[in-house]
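The values are calculated or read from the model by the stated rules, or taken from the named source; none is laboratory data. Keep in mind that this is a model prediction, so the values were computed, not measured. Every residue, glycine as well, gets a Cβ built from its backbone with ideal geometry; the counts of neighbours run over all protein chains shown. Accessible surface areas use protein heavy atoms only, side chains included; no ligands, DNA or RNA. Shrake-Rupley method; radii C 1.70, N 1.55, O 1.52, S 1.80 Å.
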Amino acid sequence: MRKISKIVVHCSYTPPSMDIGVDTIIDWHVYENGWDDIGYHYVITRDGKIEAGRPVEVPGAHVRGHNADSIGICLIGGMTEDKQSADSNFSHWQWDALSELLNKLEVSYGKLDVVGHRDLDSSKECPCFDVQAWVADP
């Protein structure tokens, strides 16, 4: 088993009306980008369903330089409906599911750093909210 030290939260950077899931992201990552699998370990849909992506035992492909020791979670959404800017427009079901998933992962892997993609790559807005502030006061 690989050593996990952090969880990285992402967003799909899609408008709220685009209700997609792991299958669509697999299409983007595998068929459009040529990757061998989805880059994320988990995807949380607009209705709060937690979908499994890449097996946690396998390093992700979700944040350059940090895949070997992290778990990637993607929230669907994060863009305004007009597709003009980033927006923390996640549903209450997604917030609840994210909290639930983080608790489950803590039971399995112990206390981990939880960060947003933008905390590891300043050129990104993803996941369009301050993950560390949210973790401190969900």
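Details
- Other residues lying with their Cβ under 10 Å from the Cβ of Val58 contribute a combined charge of -1, Lys and Arg counting +1, Asp and Glu -1.
- Rounded to the nearest 20 debye, dipole of segment 9-138 from Cβ charges on Lys, Arg, Asp, Glu: 160 debye
- Model label points for Glu106 and Ser85, set 7 angstrom from Cα along the Cα-to-Cβ axis, are 3.3 nm apart.
- Whole-Hz ³J(HN,Hα) from phi, Karplus 6.51 cos²θ - 1.76 cosθ + 1.60, for segment 56-63, glycine and proline x: 4, 5, 9, x, x, 9, 10, 7
- Cα Rg, Dmax (largest Cα-Cα span) when computed across the chain, Å: 13.8, 43
- Taking the DSSP bridge list for the chain and keeping only pairs wholly inside it, about 20 percent are antiparallel.
- Distances between placed amide hydrogens fall under 5 Å for Cys11 paired with Leu75, all partners being 5 or more residues away or on another chain.
- Solvent-accessible area, 1.4 Å probe, carbon plus sulfur percent, for segment 1-43: 48 percent
- The loop-placed GluC sites (Glu not before Pro) in segment 40-138, going by DSSP, that have at most 11 neighbouring Cβ atoms within 10 Å of their Cβ come out as Glu57, Glu81.
- Sites matching trypsin sites (Lys or Arg not before Pro) across segment 53-138 that sit in DSSP coil, with at most 15 neighbouring C-beta atoms within 10 Å: Arg64, Lys83, Lys111
- Placing unit charges on each Cβ (+1 for Lys and Arg, -1 for Asp and Glu) gives the chain a dipole about its Cα centre, and among Ile4, Tyr31, Gly48 the Cα reaching farthest toward its positive end belongs to Ile4.
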